[in-house]
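This report refers to the structure that appears directly beneath it.
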Protein chains: 2
Amino acid sequence: MEERNIREAVRLAGRKAKEASRNMAAASPAAKKRALETMAELLREKEGELLVANGRDLEAARLAGLDGPRMDRLRLTPAILADMAEACRYVADLPDPVGAMDSQWQRPNGLLVGRMRVPLGVVAMVYEARPNVTVDASILCLKAGNAVILRGGSEALHSNVALARLLHEALDAAGLPGDAVQFIDITSHEAVSELCRLDEYVDVLIPRGGESLVRAVTSQATMPVLKHYKGVCHAFIDESADLPQALEIVYNGKVQRPGVCNALECLLVHESAAESFLPMVAERLGSAGVSFRADERSLPLLGANAVPAAPDDFGREFHDLILAVRVVRDMDEALAHIAAYGSNHTEVICTRNHVNAMRFLREADASMVAVNASTRFNDGGQLGLGAEIGISTSKLHAYGPMGVQELTTTKFVVFGQGQVRK
Amino acid sequence: MEERNIREAVRLAGRKAKEASRNMAAASPAAKKRALETMAELLREKEGELLVANGRDLEAARLAGLDGPRMDRLRLTPAILADMAEACRYVADLPDPVGAMDSQWQRPNGLLVGRMRVPLGVVAMVYEARPNVTVDASILCLKAGNAVILRGGSEALHSNVALARLLHEALDAAGLPGDAVQFIDITSHEAVSELCRLDEYVDVLIPRGGESLVRAVTSQATMPVLKHYKGVCHAFIDESADLPQALEIVYNGKVQRPGVCNALECLLVHESAAESFLPMVAERLGSAGVSFRADERSLPLLGANAVPAAPDDFGREFHDLILAVRVVRDMDEALAHIAAYGSNHTEVICTRNHVNAMRFLREADASMVAVNASTRFNDGGQLGLGAEIGISTSKLHAYGPMGVQELTTTKFVVFGQGQVRK
């Protein structure tokens, strides 16, 4: 497609989404609920069609030599479709956030002032070849009263087109505008660049994928971007930690699912606890195949699976059964390490000392900070938001997992009886 | 200064601000309060020095032929300095937002999850030659636990340098890092461009000034920008409006201070009310020197001060005693007009009909929406926030006037007893 035609197609999608966003903002809770319930039904009814469309994507991806993890994320199965339908029903049943008043107060002149929760308007998502994101992002945006523009990875094109068709059918069945879901089926990168310049229509842009995708989108975007680049999550084992409990937390953070952003990447151990704790870590995590990149002081305590850490092993997202380890003098040094190498994603302290727990919670700058719990809990479902569209490490109204509420903002609402300003 | 040196100077300011922001985030409420109280005292004690520095700026601006309104905004007087000191004391006395838990809930596995209010981190301000913004922005950012980078208009350089010196003295007296206020004294535009690329250190950028400044900053910035381009504020007079009350609201919106962003720019009148209401408007506002840009239906009702509206008179910020006027068929047409021409700033309905009032509040998309009150109330002080750093029409955590709370966000805080993820 010619560059000019791409530009026009993307702009048209933006304009339609903007128009539909007015209807979505005013839509009744019942209509939005019905649309999501219908989507759940359609995912079951049209399972065959969806698997055929996905099969075309898988075949093309196999010929193109897509790697194993990306093939996995591209693949739809009856079980995955059933999970997607379950997510639709779950989000359908969440309370509708739009129109609620968060707080209200009265001014001396009698004006009643409040903050009303309102949709963001038009949310644009740029993401990799993961068809489930097409549905997750859409249902969360729609529940929050937004229109959404989707631009998924080209390898998932047929799957995404089939899913977008069902979303339109579901909106239509509920009397809502199909234009509230705009799927950009242009695989050229120029379509992403044009989307990044569409601040006339798009309120917030959410890139979801690898760091290079996120950086490319952020550098081009003319509207606010909610994003995270990477998760370099630390656990700090304080001198007073319950060591057997801390060991389970470290094990869970590193081993349970090492390829995700809330996996543990670096262990910081107070020098008073190092001699007791690190041999326990070496044994328990070592038996699960974890190897260690150790600083000078931790190296002799970690046994055969440890090698000296290179300077860039700190601040690194391994996405693998590898853990960086450092012994620190005290909490100050641990917090300074996190400030220098952390990614504002997830930080954990294991301690039985109340003062240290509260100081860590306050001073570690991350979208989730926890005491005596695994880093793996930084997830919308685990924290009780129901579902998430991603995790933001941008310090805006969404800092951390973004659920339905994080796809809204508040406006000031004023009830007067004729007040004018003196 | 050479381009390379400018880049290094701005980057150094960013790095210092980032480092200081850690101390500010952990600072005690008492220390922050003391710094602001000291600033109030210094503004009184050093009045002479400040007026001399400002005199140098005024003299240079006069020679350069700066226009009257900009000279006004540049000028400091003992009364203005006293107001600035009063603002310092007012903000000092506001509740400290940092560390408070906005809400907390328990998960089935016993995790206690909450949202803790935290500073944004480093806030950068780019603004025109208004020395009072140097102090307003700094005290709000510091109260909220942030570091701030200031880049004010070059005409106010001497005044700003003198004010920044006092801010450093006040921070020092309270045991807080002077680096928490970074004043960029480089007048070249390259300094602004470099600031826009400083996403490594700057969390949020706030441009405050004319639309061209805001657009230039937005198009270059690699971090989120909280901004408003302009205020095209409407009042819709519904068929059931209390017309004498509506007249006062329209008069106040247009006449009280026509040069500001929350002044009324366009009047929409329901066709059933037009014949009664518009002659009242013509007389009352006409006597204050207001002229009208009228659509076809309103023109014959507005008398001698009206001319036919040009197409671009709708959606225009006149900043003057000029009002665009249009007769609409119904609320649908009024809301469609606002969606097409509004600027997400301030929208008002005058009505006695409850259903219409609630529909307007819900559907008019603006940072403040009001029933039976003047547009001029969209202001941090007037709404009860205490003070404001600006008004955001970006739909982020700050949508509307930004006070101390709007310079913070929330992070997730988790209290566990050893929970790991299954």
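Yes/no matrix, rows are residues, columns are (1) facing chain B (nearest Cβ under 9 Å); (2) surrounded by 15 or more Cβ atoms within 10 Å (Cβ to Cβ); (3) without any contact (Cβ under 8 Å) to a residue 40 or more places away in the chain:
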| site | (1), (2), (3) |
| --- | --- |
| A:90 | no, yes, no |
| A:103 | no, no, yes |
| A:106 | yes, no, yes |
| A:115 | yes, yes, no |
| A:130 | no, yes, no |
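Please specify each residue of the range B:358-401 satisfying the condition of being small (Gly, Ala, Ser) and within 16 Å of residue A:25 (Cα to Cα).
B:364, B:366, B:367
Scan the range A:269-282 for residues that are more than 20 Å from residue B:419 (Cβ to Cβ) and touching a helix residue (DSSP H, G or I) at 6+ places or on another chain (Cβ under 8 Å) and report the count. Steps first, answer last, please.
From the range A:269-282, those more than 20 Å from residue B:419 (Cβ to Cβ) are A:269-276, A:278-279, A:282; that's our starting set.
With the extra rule that they be touching a helix residue (DSSP H, G or I) at 6+ places or on another chain (Cβ under 8 Å), the set shrinks to A:269-270, A:273-276, A:278-279, A:282.
Number of matching residues: 9.
Might you check whether a residue that is under 28 Å from residue A:409 (Cα atoms) and in contact (Cβ under 8 Å) with a residue 60 or more places away in the chain occurs anywhere in the range A:235-243?
no
Any residue that is assigned to a loop (DSSP other than H, G, I, E, B) and either among the hydroxyl-bearing types (Ser, Thr, Tyr) or more than 30 Å from residue A:368 (Cβ to Cβ) (or both) - is there at least one of those in the range B:32-51?
Looking for residues that are assigned to a loop (DSSP other than H, G, I, E, B) and either among the hydroxyl-bearing types (Ser, Thr, Tyr) or more than 30 Å from residue A:368 (Cβ to Cβ) (or both), one finds at least one in the range B:32-51, hence yes.
Please count how many residues of the range A:19-48 are open to solvent by 70 Å² or more (accessible area, probe 1.4 Å) and either closer than 14 Å to residue A:84 by Cβ or basic (Lys, Arg) (or both).
Qualifying residue count for the region: 6.
Before we move on, is residue B:255 of a type in the set (A, V, I, L, M), within 12 Å of chain A (Cβ to nearest Cβ), more than 19 Å from residue B:360 (Cβ to Cβ) and in contact with a helix residue (DSSP H, G or I) (Cβ under 6 Å, 6 or more places away or on another chain)?
Working: of a type in the set (A, V, I, L, M): yes; within 12 Å of chain A (Cβ to nearest Cβ): yes; more than 19 Å from residue B:360 (Cβ to Cβ): yes; in contact with a helix residue (DSSP H, G or I) (Cβ under 6 Å, 6 or more places away or on another chain): no.
No; evaluated as a whole, the condition is false for this residue.
Mind listing just one residue for me: the one in the range A:189-221 that is acidic (Asp, Glu) and more than 12 Å from every other protein chain (Cβ to nearest Cβ) and, of those, surrounded by the fewest Cβ atoms within 10 Å (Cβ to Cβ)?
Of everything passing the filter in the range A:189-221, A:211 is surrounded by the fewest Cβ atoms within 10 Å (Cβ to Cβ).
So, in the range A:296-314, exactly how many residues are surrounded by 18 or more Cβ atoms within 10 Å (Cβ to Cβ) and touching a strand residue (DSSP E or B) at 6+ places or on another chain (Cβ under 7 Å)? Break it down into steps so the answer makes sense when it comes.
At the first step, the residues of the range A:296-314 found to be surrounded by 18 or more Cβ atoms within 10 Å (Cβ to Cβ) are A:298-299, A:301-302, A:305-306, A:309, A:313-314.
Applying the additional criterion that residues be touching a strand residue (DSSP E or B) at 6+ places or on another chain (Cβ under 7 Å) yields A:298-299, A:302, A:305-306, A:309, A:313-314.
Here the count works out to 8.
Can you tell me which residues in the range A:102-118 are touching a strand residue (DSSP E or B) at 6+ places or on another chain (Cβ under 9 Å) and outside any strand (DSSP E or B)?
A:107, A:109, A:110, A:111 - these are the residues of the range A:102-118 that are touching a strand residue (DSSP E or B) at 6+ places or on another chain (Cβ under 9 Å) and outside any strand (DSSP E or B).
Filter the range A:376-393 down to the residues that are assigned to a loop (DSSP other than H, G, I, E, B) and open to solvent by 10 Å² or more (accessible area, probe 1.4 Å) and list them by number.
Within the range A:376-393, A:379, A:384, A:385, A:386, A:387, A:388, A:393 qualify.
Look through B:225, B:214, B:232, B:202 and report the one residue that is touching a strand residue (DSSP E or B) at 6+ places or on another chain (Cβ under 8 Å) and closer than 30 Å to residue B:62 by Cα.
Every option except B:214 fails the conditions.
Look through the range B:386-422, keep the residues that are of a type in the set (Gly, Ala, Ser) and over 12 Å from the mean Cα position of the chain (by Cα), and return whichever of them is farthest from the other protein chains (Cβ to nearest Cβ). Don't jump to the end; show me each part of the working.
The initial filter retains those residues of the range B:386-422 that are of a type in the set (Gly, Ala, Ser), namely B:386-387, B:390, B:392, B:394, B:398, B:400, B:403, B:416, B:418.
Checking which are over 12 Å from the mean Cα position of the chain (by Cα) leaves us with B:386, B:416, B:418.
Numbers: B:386: 12, B:416: 3, B:418: 4 Å.
Looking at residues that are of a type in the set (Gly, Ala, Ser) and over 12 Å from the mean Cα position of the chain (by Cα), I get B:386.
Consider only pairs whose beta carbons are under 6 Å apart and that are at least six residues apart or on different chains; among these, list those whose first residue lies in the range B:343-370 and is at the interface with chain A (Cβ under 7 Å from one of its Cβ atoms) and open to solvent by 20 Å² or more (accessible area, probe 1.4 Å) and whose second residue is of a type in the set (A, V, I, L, M, F, W, C) and part of a helix (DSSP H, G or I).
B:363/A:26; B:363/B:335
The values are calculated or read from the model by the stated rules, or taken from the named source; none is laboratory data. All of these numbers come straight from a predicted model, not from anything done at the bench. Quick reminder, even Gly has a Cβ in these numbers, built from the backbone with ideal geometry, and neighbours come from all protein chains shown. Just the protein is used for accessible areas: all its heavy atoms, side chains included, with ligands, DNA and RNA removed. Shrake-Rupley method; radii C 1.70, N 1.55, O 1.52, S 1.80 Å.
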